[in-house]
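Each remark here refers to the structure printed beneath this line.
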Amino acid sequence: MRSPKDFFRPLAVGAPTPVREVPFRPSRMIHFFDPGNEKMAAKVPAIAPTVDVLLGNLEDAVAADRKEAARSGLVKIAKATDLGDTQLWTRMNSLDSPWALDDLLTLVTEIGDRLDVIMVPKVEGAEDIHYVDRLLAQLEAKARIQRPILVHAILETATGVANVEEIAGASPRMQGISLGPADLAASRRMKTTRIGGGHPGYLVREDPHGTAPRATFQQDLWHYTLARMVDACAAHGILPYYGPFGDIKDTTACEDQFRNAFLLGCVGAWSLHPVQIAIAKRVFSPAPADVAWARQVIDAMGDGTGAVMIDGKMQDDATYKQCQVVARLADALAARDPELRDAYAAAESHQD
């Protein structure tokens, strides 16, 4: 076991010093694209300003005979495209695949200075993160990268869920964790072929009332896992995300699933199609009225101690902290999104 004193020391001579706190940057949507697809690649300059995170996907949805093309395409895009404030991430191939090592060797040495986060699929324990951590440090030193590339784990196996707490705390590089419902469903032998969302067969039924029809209520298959993941992330100071919602046409259910994740504590979700970008942006941005209320409570509470009554509602230290969460998120988003900044300002002005 490593000494806590060594936790924030570089794992290779010449590697950058690990971060002590994950920098919070807006990441309401992680927008996936196939960098080996010329049509998708051509749209990157137009899409980049509309998203918080642009992710070049090298794993699932990229056929085996196109892996190298996707990797080369991402290198080309990263070198040729000015992404501005938009973060550049990639999802590498899984550690048990023949492409994973080349993904890291190529991307870190070629575009490591442009890459913010590497998403690692099917993480099952801290040992997976330790492997990537050490290798990244060696490659950063070789390429003379000045700041550490962060790591994001995908929770998509039963073993990974069982070990989620140790995964979250495995390295200072850990930026966050995403829920991967499709692979997780297969790993658990769940009887659903949907990618995220609920299932009409997973329900509760009200008690009988004579011969009247009994109402049923569809339940969330992912609530337990998502809540456990959020707790693990919060305990280790990293960020939780909902993953993909596969039914692109069902924008209503997508929005519902994203909102459930937002309310539970997630900071963002994956977008697989441009139509989901606007949904994620809307859902993972606090409503202007909520931000105005949060600021009203913060102003009334002063130093955050004691208790006050506002519009007949008691506010104390706990609600003060809740309101700070909303206000700080609003500040971070407003700094990046002028339209949102104006909406927040208008709501606060109206409340005054």
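Please determine whether any residue of the stretch 95-114 is under 22 Å from A61 (Cβ atoms) and among the basic types (K, R).
For the stretch 95-114, residues under 22 Å from A61 (Cβ atoms) and among the basic types (K, R): absent.
Identify the residue in the stretch 183-241 that is touching a helix residue (DSSP H, G or I) at 6+ places or on another chain (Cβ under 7 Å) and β-branched (V, I, T) and, among all such residues, is nearest to C266 (Cα to Cα).
For the stretch 183-241, the residue satisfying everything is V230.
Anything in the stretch 332-352 that is loosely packed, with under 12 Cβ neighbours inside 10 Å and not hydroxyl-bearing (S, T, Y)? List them, or say none. Steps first, answer last, please.
First, the residues of the stretch 332-352 that are loosely packed, with under 12 Cβ neighbours inside 10 Å: 338-339, 349-350, 352.
Scanning the stretch 332-352 gives P338, E339, H350, D352.
Test D116 against the stated conditions and say whether it is acidic (D, E) and crowded, with 17+ Cβ neighbours inside 10 Å. Walk me through it before giving the result.
Numbers: acidic (D, E): yes; crowded, with 17+ Cβ neighbours inside 10 Å: yes.
So D116 passes the test.
So, in the stretch 215-238, of the ones that are part of a loop (DSSP other than H, G, I, E, B) and hydrophobic (A, V, I, L, M, F, W, C), which residue ends up nearest to A162 (Cα to Cα)? Before the answer, list the steps.
From the stretch 215-238, those part of a loop (DSSP other than H, G, I, E, B) are 215, 219-222, 236-238; that's our starting set.
Then drop every residue that is not hydrophobic (A, V, I, L, M, F, W, C), which leaves 215, 221-222, 238.
Working: A215: 34, L221: 17, W222: 15, I238: 18 Å.
Per the stated criteria, the residue is W222.
Looking at G73, is it buried (at least 21 other Cβ atoms within 10 Å of the Cβ), within 20 Å of R114 (Cβ to Cβ), small (G, A, S) and in contact with a helix residue (DSSP H, G or I) (Cβ under 9 Å, 6 or more places away or on another chain)?
So G73 fits the description; yes.
Can you pull out the residues in the stretch 133-156 that are buried (at least 20 other Cβ atoms within 10 Å of the Cβ) and in a loop (DSSP other than H, G, I, E, B)?
The answer is I145, P148, I149, E156.
Which condition from (1) crowded, with 19+ Cβ neighbours inside 10 Å; (2) without any contact (Cβ under 8 Å) to a residue 24 or more places away in the chain; (3) among the small types (G, A, S) is the one that G160 breaks?
(2)
To keep it simple, each residue is scored yes or no on (1) touching a strand residue (DSSP E or B) at 6+ places or on another chain (Cβ under 7 Å); (2) open to solvent by 10 Å² or more (accessible area, probe 1.4 Å); (3) within 28 Å of V19 (Cβ to Cβ).
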{"residue": "G169", "(1), (2), (3)": "no, yes, yes"}
{"residue": "M174", "(1), (2), (3)": "yes, no, yes"}
{"residue": "P181", "(1), (2), (3)": "no, no, no"}
{"residue": "S187", "(1), (2), (3)": "no, yes, no"}
{"residue": "T192", "(1), (2), (3)": "no, yes, no"}
{"residue": "G198", "(1), (2), (3)": "yes, yes, no"}
{"residue": "Y202", "(1), (2), (3)": "yes, yes, no"}
{"residue": "G210", "(1), (2), (3)": "no, yes, no"}
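What pairs can you find where one residue is in the stretch 337-352 and within 22 Å of T50 (Cα to Cα), the other is open to solvent by 60 Å² or more (accessible area, probe 1.4 Å) and basic (K, R), and their Cβ atoms are less than 9 Å apart, with a gap of 6+ or different chains?
D337/K281; L340/K281
Quick one: in the stretch 24-66, which of the residues that are open to solvent by 70 Å² or more (accessible area, probe 1.4 Å) and under 28 Å from P172 (Cα atoms) is modelled with the lowest pLDDT?
Looking at residues that are open to solvent by 70 Å² or more (accessible area, probe 1.4 Å) and under 28 Å from P172 (Cα atoms), I get F24.
The values are calculated or read from the model by the stated rules, or taken from the named source; none is laboratory data. These numbers were taken from a predicted model, which means no experiment stands behind them. No Cβ is skipped: glycine too gets one built from the backbone with ideal geometry, and neighbour counts run over all protein chains shown. Remember, those area values only see protein heavy atoms, side chains included, never the ligands or the DNA or RNA. Shrake-Rupley method; radii C 1.70, N 1.55, O 1.52, S 1.80 Å.
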